[in-house]
Amino acid sequence: MELKYGSTSFSIKLPPEHLAGVIVSSPKISAESPAEIVNTALDNCNCVLSSYKTGEKVVIVTSDITRYTGSEIYLPQLLERLNRQGILDDDIEILIALGIHRKQTEQEHQKILGQLYGRIRVSDHECDDTESLAFIGTTVNGVEVSINRKAVEADHLILTGTVSFHYFAGFGGGRKSVLPGIASRKACMASHFAVLNPGEGTGKNRLATTGNLRENPVHNTMMEGCAFAKPDFILNTVLTADKKIIAAFAGDWREAHEAGCLYYLANFAYPLQEKADLVIASCGGFPKDINLIQAHKSMEYASKSIKDGGVMILLAECRDGFGNSTFFNWFRHKSLEEFEAGLRANYEINGQTAYSLMQKAQRFKIILVSQFSVQQVEEMGLIPAQTLDEAMNLAKGILPTEWSCYLMPEAGTVLPMVSCLRQ
């Protein structure tokens, strides 16, 4: 089997007595085209759209370039339906849900809007521009939610995005278009901070995990924030690993997102009978392994398939390094207790990702095949290797005599699960 690494690949052939299985997703592919899938989903929103009137202002929230959603397909369809109701182009604005990400370039706006670029007004959300924010409510756990003023002042707010796994919010999409998508930096950080249990030294909430929404504190906080914004409806797509739309869910922002999450879980979770001693995981090559923050998703999902104390080999080139200048600095903390205290004192989303990496590094033996230096890899508590062959030799020195192994050629798009936590 070929396992992708950056723009190249490594070959692996395991003896049958060691290979426990190949973990891949096998979603059902619709006979409809992506445009037809979106159109069918939008039919569910006709009763809402029929109430729109000429002269009313509409804001459509969509994701930035780091989260491909199929926006160049569904935004024109949305616009056509709005025009049909008498809503003029000048009364429609596309708002890019940057969260705390950087602004988009002109070329990136063009990719997001497709044929609508130059026709419909587009703007980037700015989480630090207090003048452009409006306070809309405080959640039960004390998160003060301020969001983009354009979304608040519009007559109609439509949310769009894509459903996928999220390593502590359970799933992406839905309510995340508002919080953190178009929220203040303070609200973004506070919503993510909910991943930690209340009280010093109590660690991460075990329900704030991939594929789970039930009693997930991060999800609950985001749901409250989104409710304050009162969106008319959502349109969320589901994509294959090669970014093709295979499903779409539209309608009430709660119900449509829940339906999308259940569909995603059914199609992208891989049921395991038991965990293995070793997993060899590829992120899927470039750009999925462009940096370590992106590659962490594959590390998180792959960790679900191995026994405590087991071995993971992660193929992640990381040609652009860590993905954020502050990420590596967090590994100055050498224990989880010290790390957690640092997060509570100065919470940072990149720090939360680094903390999650350290948790796995202390639970498993993780061999990282990457472009990082030996010193950098060891500083993070990982084991460095230059090639898959070198990594395998290192793993065999750790594994028991009778070891079992899973292969994950696209580790960032499939979640191994011994038991599924459903809604």
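Nothing in this text is a laboratory measurement; each read-out follows from the coordinates by a stated rule. All values derive from a computational prediction rather than experimental measurement. FYI the Cβ positions are ideal-geometry reconstructions off the backbone, even for glycines, and counts take in every protein chain you see.
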#### Entry: Using θ = phi - 60° and Karplus 6.51 cos²θ - 1.76 cosθ + 1.60, couplings along the stretch 153-164 (whole Hz; Gly, Pro as x)
7, 5, 6, 9, 10, 10, 9, 10, x, 9, 8, 7
### Task
Scan the chain and report its longest stretch carrying no GluC sites (Glu not before Pro) that are both in a DSSP loop and have at most 15 other Cβ atoms within 10 Å.
33-199
### Task
Per DSSP H run of at least 4 residues, take -39500 (n - 2.57); add these up for the chain, divide by its residues and hand me the 222 nm value, nearest 500 deg cm²/dmol.
-9000 deg cm²/dmol
### Message
Counting other C-beta atoms within 10 Å, and keeping those with at most 12, which DSSP coil trypsin sites (Lys or Arg not before Pro) do you find in the stretch 156-237?
### Response
206, 214
### Query
If we count every other residue with Cβ under 13 angstrom of residue 172's Cβ, Lys/Arg +1 and Asp/Glu -1, where does the sum land?
+3
### Query
Under 5 Å between amide H atoms, partner at least 5 residues away or on a different chain: which partners does residue 137 have, H built in plane at 1.01 Å?
145
#### Entry: C-alpha long axis of helix 217-229 to longest principal axis of the chain, angle in °
10
### Task
State, to one decimal in nm, how far the label point of residue 347 lies from the label point of residue 35, with both points 7 Å from Cα in the Cβ direction.
4.4
### Message
Using alpha carbons only, how many angstrom separate the centre of the stretch 128-182 from the centre of the stretch 254-271?
### Response
21
### Query
Against the longest principal axis of the chain, how steep is helix 253-268, in degrees 0 to 90 to the nearest 10, with axes from Cα atoms?
30
### Query
Which of the lysines could a cross-linker bridge to residue 275, judged by Cα under 26 Å and excluding same-chain residues fewer than eight apart?
4, 13, 28, 204, 288, 297, 304, 307, 360, 365, 396
